[in-house]
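Trainee: Mind looking over this structure? Questions follow.
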Amino acid sequence: MVELLLNDKKVDFNAQDDEGMLPVMVAVKNGFTDIAELFLRSDFSARIYWNLCDQRGFTCLFWAATSDFEDLVSLLLKQSEIVQGIDKPGARHSPLASAARKGYVQIVIALLDHSATPDAKDDREGRAALSWAAGNGHEDVVDRLLRCEDIDINHADRRLKWTAFQWAAAQKQGAIAWKILHETLERLGNRWRDYISTLFLDVAKRGQYEALNILLELHDFDPDFRDRDSQRTALSFAAEHGHVRIVQRLLSSGRVNVNAGDVGRKTALMWTADQGRSSVVKELLAREELDILAVDSEERCACDWAQASNHLDVQRLIEDRQHRVVHRSRSRQSSGTS
């Protein structure tokens with residue numbers, strides 16, 4: 001019946017239904033391989049605009065890729081018009097990004113073998129294929145994408161500004177995160193230290209504990225690295241934003257200076273007091289090496305910052321520690337003169 005209709009010269013192969021779908025699109029979406037093969041016959045395929053999108057921005061190839069129809073993807077990729085439009089700008093959704101997101105490795109391979117751009121992104125979040133595969137734990141897809149020399153490993157999505165490494169770490173895909181990190185370092189060569197230092201500050205600021213934990217395991221890396229402009233450290237950023245676990249991890253590493261000041265000599269304690277982060281304040285106050293009486297470039301101590309921001313609970317915590325330090329100092333002076 002379908003073949004009879006297709007043989008009718010009056011039939012419009014590009015007629016779209018209420019959802020903007022072509023007849024061939026309906027066949028592909030539903031996995032009707034035999035019907036799709038009819039449309040792909042040379043005498044019929046020439047009458048079809050293969051790269052038209054439905055109302056959601058989906059193409060025929062997208063429907064086949066996102067539905068894990070390997071046979072249909074293979075058939076469609078024999079159509080030159082489809083291959084030429086594999087990264088069609090007008091299509092809101094990438095077949096490669098969708099297949100990578102769902103872990104359809106054979107479809108990913110087929111698309112890449114037909115020159116699909118490895119940095120293909122989805123429309124909603126701007127996440128690339130590598131990001132989706134990494135975050136969803138599809139290691140075989142990640143492996144194939146990392147073999148692409150022209151892939152942008154450090155692409156950050158539009159919504160959260162996370163890289164594939166950060167997505168993998170956040171979703172506790174440690175093996176994948178390490179794999180992406182190692183490949184990144186290999187490609188960066190001598191420039192790796194600057195990249196890692198900047199990334200380290202970013203994950204500390206965002207509270208990405210898993211990513212920070214991985215980075216701390218790198219050799220020849222200084223976790224007390226300072227931002228070039230502000231001179232702030234990862235501890236400073238984590239303290240300001242109230243990331244208790246990050247602060248605990250940095251302090252327990254024994255590789256950071258709890259008293260480090262920024263360009264204005266503002267310490268981590270001052271930053272967190274200013275923001276009223278009582279949990280972080282308690283963590284910092286528990287450190288014996290903390291200089292509770294330190295002042296910034298305008299002679300303000302942490303207690304002054306808490307008071308100015310009206311964080312009275314934090315102010316009391318700091319004052320209590322200050323009183324104990326002053327009392328201890330006076331006791332030592334008294335015993336020394338007796």
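Trainee: Would you say A120 is modelled with pLDDT of 95 or more and under 16 Å from A99 (Cβ atoms)? Steps first, answer last, please.
Mentor: Working: modelled with pLDDT of 95 or more: no; under 16 Å from A99 (Cβ atoms): yes.
It is false that A120 is modelled with pLDDT of 95 or more and under 16 Å from A99 (Cβ atoms).
Trainee: Another question about this same structure. Among S131, S115, which is in a loop (DSSP other than H, G, I, E, B), of a type in the set (S, T, Y) and either at pLDDT 95 or above or surrounded by fewer than 18 Cβ atoms within 10 Å (Cβ to Cβ) (or both)? Let's see the steps before the verdict.
Mentor: Numbers: S131 fails: in a loop (DSSP other than H, G, I, E, B).
Of the residues listed, the single one that is in a loop (DSSP other than H, G, I, E, B), of a type in the set (S, T, Y) and either at pLDDT 95 or above or surrounded by fewer than 18 Cβ atoms within 10 Å (Cβ to Cβ) (or both) is S115.
Trainee: Shifting gears a bit: Filter region 20-56 down to residues that are in contact (Cβ under 8 Å) with a residue 24 or more places away in the chain and among the acidic types (D, E), then give me how many there are.
Mentor: Number of matching residues: 2.
Trainee: A further question on this structure: Please enumerate the residues belonging to region 162-181 that are part of a helix (DSSP H, G or I) and touching a His at 6+ places or on another chain (Cβ under 8 Å).
Mentor: A164
Trainee: Among the residues of region 279-310, what is the count of those that are closer than 21 Å to R245 by Cβ, touching a helix residue (DSSP H, G or I) at 6+ places or on another chain (Cβ under 8 Å) and of a type outside the set (K, R)?
Mentor: Here the count works out to 7.
Trainee: Contact list please: Cβ distance under 8 Å, first residue in region 57-70 and farther than 20 Å from D18 by Cα, second residue surrounded by fewer than 19 Cβ atoms within 10 Å (Cβ to Cβ) and small (G, A, S), pairs at least six apart or on different chains.
Mentor: S67/G31; F69/G31
Trainee: For region 171-194, how many residues meet the condition of being without any contact (Cβ under 8 Å) to a residue 24 or more places away in the chain and not polar (S, T, N, Q)?
Mentor: Number of matching residues: 8.
Trainee: Another question, then. For D140, indicate whether it is touching a residue at least 24 places away in the same chain (Cβ under 8 Å) and assigned to a helix (DSSP H, G or I). Don't jump to the end; show me each part of the working.
Mentor: Numbers: touching a residue at least 24 places away in the same chain (Cβ under 8 Å): yes; assigned to a helix (DSSP H, G or I): yes.
For D140, the condition - touching a residue at least 24 places away in the same chain (Cβ under 8 Å) and assigned to a helix (DSSP H, G or I) - is met.
The values are calculated or read from the model by the stated rules, or taken from the named source; none is laboratory data. Since this is a predicted model, take the numbers as computed values, not measurements. Heads up, the Cβs are rebuilt from the backbone with ideal geometry, glycines too, and the neighbour counts pull from every protein chain shown.
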